[in-house]
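This report concerns only the one structure given below.
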Amino acid sequence: MELVEHIAAVRAGSGDPAAMVGEFRRTAVLVPLVDDDFMTATYGGIDWIYAFTDEFALARFAEARGAARQEWEFATVLGARLLDVLVPAMDGPAGVALDVADEDGSMMFPPVQGIVPDEVAVDLPEAGTENETAAHR
């Protein structure tokens, strides 16, 4: 099953989220560049790296931003590299926003356990705090 099929199944409530994340990790996606850096947006205190499944999805995003006639530079990056290398390198919590111009096909990969490395997951206690709390009870 391709990534877009996994996303459709998860959005319909019949898919396997873990399988979808696994497929995202194995898939090369397009990440737009701005001044030689990945294009991001901040929402809810999280920096979201924009990524797209293909040039058509990127073009729909450009059109939605009123920039369809502009040339867009992009990098092709494996989903695993985005989640395991680029997200941890960001200043603060970060995730990946995939195909955001596609109302029925978009998917967010937030900075939580099982998606990003544990050391940057926002749903886990910081290293050492859990054991210190238990020791003080």
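The values are calculated or read from the model by the stated rules, or taken from the named source; none is laboratory data. Here the structure is a predicted model, which is why all the values come from computation and not from measurement. All Cβ positions, glycine included, derive from the backbone under ideal geometry; neighbour counts span all protein chains shown.
Okay, here's what the table says:
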| read-out | value |
| --- | --- |
| Positions within the stretch 102-127 being more than 14 Å from the chain's Cα centre (by Cα), under 22 Å from F52 (Cβ atoms) and surrounded by fewer than 18 Cβ atoms within 10 Å (Cβ to Cβ), in sequence order | E103, D104 |
| Residue within the stretch 6-14 that is within 12 Å of the chain's Cα centre (by Cα) and not in a loop (DSSP other than H, G, I, E, B) present | no |
| Some residue of the stretch 80-97 being in a loop (DSSP other than H, G, I, E, B), touching a Ser or Thr at 6+ places or on another chain (Cβ under 9 Å) and either of a type outside the set (G, A, S) or at negative phi (or both) | yes |
| Residues satisfying the stated conditions in the stretch 23-58, i.e. of a type in the set (A, V, I, L, M) and assigned to a loop (DSSP other than H, G, I, E, B) | M39 |
| Candidate set: the stretch 3-35, residues that are of a type in the set (D, E) and at pLDDT 95 or above; chosen: the one surrounded by the most Cβ atoms within 10 Å (Cβ to Cβ) | E23 |
| Residue in the stretch 44-64 that is farther than 24 Å from A8 by Cα, exposed (fewer than 15 other Cβ atoms within 10 Å of the Cβ) and modelled with pLDDT of 95 or more present | no |
| Pairs where the first residue, in the stretch 43-55, is in contact (Cβ under 8 Å) with a residue 24 or more places away in the chain and closer than 23 Å to V4 by Cβ and the second is of a type in the set (F, W, Y) and outside any strand (DSSP E or B), C-beta under 8 Å, 6+ apart | Y50/F61; F52/F61 |
| The stretch 59-78: number of residues that are in a loop (DSSP other than H, G, I, E, B) and in contact with a strand residue (DSSP E or B) (Cβ under 8 Å, 6 or more places away or on another chain) | 2 |
